[in-house]
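To start, the structure itself, in C-alpha cells.
The values are calculated or read from the model by the stated rules, or taken from the named source; none is laboratory data. Computed from a predicted structure; not experimentally measured. Cβ sites come from the backbone with ideal geometry, for glycine too, and all protein chains shown count toward neighbours.
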Amino acid sequence: MELSAIYKNSTIWFFTGSQHLYGEDIFAQIKDHSEKICAALSASQYCPVTIQFRSLLTTPDEIYKAMAAANVDPACAGVVLWMHTFSPAKMWIRGLQNIKKPVLHLHTQFNRDIPFETIDMDFMNLNQSAHGDREFGFMTARLGVNREIVAGHFTEERVQKSVGEWARVAVAWKDSQGMKVARFGDNMREVAVTEGDKVEAQIKFGYSVNGYGVGDLVKYIDSVSDTDAARLADSYNDLYDVAADLRKGGEHYASLLYAAKQEAGLEKFLLDGNFSAFTTTFEDLHGLDQLPGFACQRMMAKGYGFGAEGDWKTSAFVHTVKVIAYGRDKGTSFMEDYTYHFDPANTMVLGAHMLEVCPSLASGKVKLELHALGIGGKKEPVRMVFNSAPGNAINATIIDMGNRFRMIVNEVEAVAPRELPKLPVARVLLKPKPDLATAAASWILAGGAHHTVYSNSVSSEQFAMLARLADIEVVNINGASSLDSVRNEIRWNEMYYGIRGLI
C-alpha cells in the first residue's frame, strides 16, 4: 500500500470564469492571475497536491466540456471554480448539473487591497470577484450543487489551509471510488452494528465489499517460505522492542516466524487483489494457528483499512481517513471504546482492542510480546504493546440507520498514558468532549458503534466534508454540545431525511 502514489496520481483542476464583455486584452491578465494563484496554492505547505490552472471559461459550451473532461479524467480529484469577473451564471447551468467531482468555490481576488488613490473603472472591471462570485453562488445554490466554499485572499494562511484540507478530502474521495474491501469470514455472530447494506454503501461511498474464505488467506500464508519469514522477522528487531523469548533462539521464536508469515501472506493477498481494506473475525480462524492481529497492525501502518469482527464499514473508513491524513499522520487507527474511568474529578475512556490498534499512534518504541488472548481458541498471538501519544483527536464512526448512513464524530483529547503492567495491548486514554457523561450519552443516543476510526491528524470539519460528499448524515459531538443539542440535531435530521424520502 503506497499512500504516496494516491497523491502522486491526483491533481486538482482550477477553472476561472469570465465573459466576452470586457475585450480580449483582459483575458491575458485573467489567465496570468489564475496561474499565479494556482502556483501560490500549490506551493503552500498545506496543499498536498498540485492545483493546475486548466482554462478560462467564457461560454456555456466551454463550461460544459470542461466539467465533462474533469468527470472522466482519472487523475482529477476535484475542481476549484473562481469567477475573476462577472460570469453570467446561466452559462454554468449545464456544466454544474453534470459535474461529478468534488467542487470548491474559491471566493478570492488577485489583488489583496483596494488601491484607493488610483482605482478606476478599468481596475473595477477586471477585479470584480465580489460581483462575479455572488452571481455564481446563486446558481450553485439554486441547483443544489454539493460544494465547499472558501472565502478570503489566496495568500492568507487560513485560506491556503482550508483549500489544502478540502484537497485532502477530495483525493480520499477519489480513492474511495472503486476501493475494494476484502472480508475474511463473516461478521461476528449476532452483532448488529457491524452489519449494513453493502449495495447502498457502494452507491454512497464508491467502494465494494466482498467475502473470501479464510482458507483463501491460509493458502497465501502457507506459501511464505521459512527464509522469507525469517528475513521479515529479523527486520522487527530494528523497529520494535522484541521480547527475548521471541528473538531468534528464544522459546517462542516459532510464534514470531508464524506472525511474519501471516503478515507476508496477508499483504500478498491484498496486493494481488488490489484491496485497500479488509476485515477478520475471531469466530472464523479455521486453518490459522493464531489470530492475525499483529499482521493487521502492520497492514494498518502501511495504509490499509481494517475492521475487526467483520466490520467492513469501519475498515473502509479507516483507509479513507489514512488517505486524508497522509504526509502529516500523527496517528490513525481502528479503535474501540473498551472501559471507563468514572472518577468524578478525572473521567476517561480506555480505548483499545484485543490486538488490532495501529502503531502509528504509539508514543515511544513499540514492544513486541506473546500473550494468551483468552478468546478465539487459538495459540497465543504475537502482539504490539504500546501507549498512544497525548493530543487532540477525533473518534468517528459510520452506522447504517436503514434509510441512510449516519456519521458520528466526537472530538476527544488523548491524555498522558498510565502504566498498565498487566494489560498487554495497544491502548489510548481519552477524554471525550465536552465530558464523558455527555459524550457517551450523546453517542449512544445517536446509535454510535463501539468500533471507531481514531485520528490525531484529521479535523472534524474534514469528516463533515467527507459526509457531505457522500451525501450522508453527520452528527458532531464537541466541546459545545449538550445532550439536548444533540437530541435536537437528531430530531431535525430525522425530519429532513423523512421529508426527503417523500420527495
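Taken over the stretch 408-459, the residue count meeting the criterion of being farther than 30 Å from Asp241 by Cα, among the hydrophobic types (A, V, I, L, M, F, W, C) and within 18 Å of the chain's Cα centre (by Cα) is 3. Which numbered condition trips up Ala39, out of (1) buried (at least 19 other Cβ atoms within 10 Å of the Cβ); (2) in a helix (DSSP H, G or I)? Here Ala39 meets the rest and fails (1). Of the strands (runs of 3 or more DSSP E) lying entirely inside the stretch 368-487, the ones with 1 or more residues being among the charged types (D, E, K, R), in the same structural domain as Thr279 (by TED's automatic domain parsing) and within 30 Å of Ser255 (Cα to Cα) are found at 382-387, 426-432. When Leu436, Leu373 are screened for being in contact (Cβ under 8 Å) with a residue 24 or more places away in the chain and closer than 30 Å to Leu256 by Cα, only Leu373 passes. Quick check, is Tyr236 among the aromatic types (Phe, Trp, Tyr), more than 17 Å from Gly287 (Cα to Cα) and in the same structural domain as Lys365 (by TED's automatic domain parsing)? Yes.
Here's the yes/no breakdown for (1) charged (D, E, K, R); (2) within 27 Å of the chain's Cα centre (by Cα); (3) more than 20 Å from Phe334 (Cβ to Cβ):
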site	(1), (2), (3)
Ser225	no, no, yes
Ala230	no, no, yes
Asn237	no, no, yes
Leu257	no, no, yes
Ala277	no, yes, no
Asp284	yes, no, no
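Candidates in the stretch 453-503 are the residues that are loosely packed, with under 15 Cβ neighbours inside 10 Å and of a type in the set (Phe, Trp, Tyr); of these, the one that is modelled with the lowest pLDDT is Tyr496.
Among the residues here, Met384 qualifies as crowded, with 18+ Cβ neighbours inside 10 Å and among the aliphatic types (A, V, I, L, M). Kindly indicate the residue of the stretch 79-115 that is within 27 Å of Val169 (Cα to Cα) and charged (D, E, K, R) and also farthest from the chain's Cα centre (by Cα) among those meeting that condition. Checked the stretch 79-115; the qualifying residue farthest from the chain's Cα centre (by Cα) is Arg94. Reported count of residues in the stretch 42-56, each being assigned to a loop (DSSP other than H, G, I, E, B) and in contact with a Phe, Trp or Tyr (Cβ under 6 Å, 6 or more places away or on another chain), is 2.
Exactly one residue among Tyr22, Tyr7 is crowded, with 16+ Cβ neighbours inside 10 Å, among the hydroxyl-bearing types (Ser, Thr, Tyr) and part of a loop (DSSP other than H, G, I, E, B), and that residue is Tyr22. Residues in the stretch 337-368 that are of a type in the set (Asp, Glu) and either touching an Asp or Glu at 6+ places or on another chain (Cβ under 6 Å) or buried (at least 19 other Cβ atoms within 10 Å of the Cβ) (or both): 2 in all.
Across the stretch 93-143, which residue is surrounded by the most Cβ atoms within 10 Å (Cβ to Cβ) among those that are out of contact with any helix residue (DSSP H, G or I) (no Cβ under 7 Å at 6 or more places or on another chain), small (Gly, Ala, Ser) and free of Cβ contacts under 8 Å to residues at least 60 places away in the same chain? The residue in question is Ser129. Look at Asp337 and say whether it is touching a Ser or Thr at 6+ places or on another chain (Cβ under 6 Å), charged (D, E, K, R) and in the same structural domain as Ala254 (by TED's automatic domain parsing). Spelling it out, it is not the case that Asp337 is touching a Ser or Thr at 6+ places or on another chain (Cβ under 6 Å), charged (D, E, K, R) and in the same structural domain as Ala254 (by TED's automatic domain parsing).
For the stretch 289-314, a residue qualifies if it is of a type in the set (A, V, I, L, M), part of a loop (DSSP other than H, G, I, E, B) and modelled with pLDDT of 90 or more, but none of them does. Taking Glu380, is it at pLDDT below 95, among the acidic types (Asp, Glu) and within 17 Å of Phe306 (Cβ to Cβ)? The answer is no for Glu380. Count, please, the residues in the stretch 401-442 that happen to be hydroxyl-bearing (Ser, Thr, Tyr) and in contact with a His (Cβ under 8 Å, 6 or more places away or on another chain). The total comes to 0. Across the stretch 209-232, the number of residues qualifying as out of contact with any strand residue (DSSP E or B) (no Cβ under 9 Å at 6 or more places or on another chain) and without any contact (Cβ under 8 Å) to a residue 60 or more places away in the chain comes to 13.
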